[in-house]
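Visitor: There's a structure below that I have some questions on.
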């Protein structure tokens, strides 16, 4: 009787060991699956400057995007038209860009939409050489912009119209590159006037350049910076976009309630030590940033109306056709 009993016990032990191994393997697979699921989604998002875009950088540093499972990689690319091309070409996942270059791309077949708003006002100031005291004196002069088709291109033409000038014949618009390059162009007198964002305008004014037109004071609705996505991303990654927009809206609110963190980040990225300039940018950008992350319909209509003057195809679009706001929290 003892030998069969020993065999029975051995068989039971073997069965228990096998079960333990299977359970251990199952647990390991489960843990590995959870680890993979917890891996944050990397989002490559481009932008054209370091002013209105601060909430994304501040939110990233504060861990807000990571909390929502996102590893955000902001990338600086100069020129609105260039960034739209990068988005269309799938080098990017999302874009912080202007509605002006976006609409031009859409009219030429690009399948992209605005999914959120970032800066819903015109944030530029037009400054000119010290001897130019009025807008009328810009007739026959050169205005520096970033690149053709960019937001600065649109605003330069709008400024000319404000002065009663014809942007096609009364002024010459010159591609002068980044703000630093445009300031150098002013110093070298290769341009007579140029546009700067809020912070840069404060610095340029202190250098003796004349303010001809401050669009910030006018508080004109304009889709200066929006969150833009490809339509294929909208169709295939709705959960990712919902998580991104939740984190984005939370980051806007964090930016508005953590002033010193925002100023420190802005100083670092813009390489700007002027406290007055940084404060001006923070206050005015805060006013232009929507708490709920919604873009401006009125400001997008302004973009369309301006585009109609250059391209009649723009009549075929409404602000609603250019937007998909279903991902906003």
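Visitor: Once the Cα atoms of helix 2-38 and of the chain are each reduced to a long axis, what angle between those two axes, in degrees from 0 to 90 to the nearest 10, is obtained?
Guide: 0 degrees
Visitor: Can I ask one more? Give me D for the chain in µm² s⁻¹, whole number, from Stokes-Einstein with Rh from the Kirkwood sum over alpha-carbon pairs, 37 °C and 0.692 mPa s.
Guide: 150 µm²/s
Visitor: Rounded to the nearest 500, what is the chain's calculated 222 nm mean residue ellipticity when only DSSP H runs of at least 4 contribute -39500 (n - 2.57) each, over all residues?
Guide: Computed ellipticity for the chain at 222 nm equals -16000 deg cm²/dmol.
Visitor: Take the Cα atoms of region 207-329, find their three principal axes, and give me the spread along each one in whole Å, biggest first.
Guide: Sorted from largest, the Cα extents of region 207-329 read 44, 38, 21 Å.
Visitor: Determine the shape class of region 125-218: with a ≥ b ≥ c the square roots of the Cα gyration tensor eigenvalues, call it rounded for a/c under 1.5, and otherwise prolate if a/b is greater than b/c, oblate otherwise.
Guide: Judged from the Cα gyration tensor, region 125-218 comes out rounded (a/c under 1.5).
Visitor: Moving on to the next point. Could you pull out which residues in region 164-187 have an amide N less than 17 Å from a spot 7 Å beyond the Cα of residue 131, following the Cα-Cβ vector?
Guide: 186-187
Visitor: Multiply the residue gap between residue 267 and residue 292 by 0.36 nm, knock off their C-alpha separation, and tell me the result in nm, one decimal place.
Guide: Fully extending the segment from residue 267 to residue 292 adds 6.4 nm.
Visitor: May I pose another question? Can you sort 47, 224 by how many other beta carbons sit within 10 Å, fewest first?
Guide: Lowest count first: 47, 224.
Visitor: Counting alpha carbon pairs within less than 8 Å and at least 6 residues apart, what relative contact order, in whole percent, applies to the chain?
Guide: Over the chain, the number comes to 25 percent.
Visitor: Counting pairwise Cα distances across region 38-194, what percent come out greater than 19 angstrom?
Guide: 59 percent
Visitor: Further question on the same structure: Which order do 181, 51 fall in if you start with the one that has the fewest other Cβ atoms within 10 Å?
Guide: If I rank by nearby Cβ atoms, fewest first, I get 181, 51.
Visitor: At a temperature of 20 °C and a viscosity of 1.002 mPa s, determine how fast region 168-230 diffuses translationally according to Stokes-Einstein, using the Kirkwood radius over alpha-carbon pairs as Rh; express D in µm²/s, rounded to the nearest whole number.
Guide: The Stokes-Einstein estimate is 157 µm²/s.
Visitor: At 0.36 nm per residue, and after removing the present C-alpha to C-alpha distance, how many nm does the segment from residue 107 to residue 260 gain when stretched out fully?
Guide: Taking 0.36 nm per residue and subtracting the Cα distance, the gain is 50.9 nm.
Laboratory data are not the source of any read-out in this text; all were calculated from the coordinates shown. Predicted model, so just to flag it, every value in this text is computed and none were measured. Every residue, glycine among them, receives a Cβ derived from its backbone with ideal geometry; neighbour counts consider all protein chains shown.
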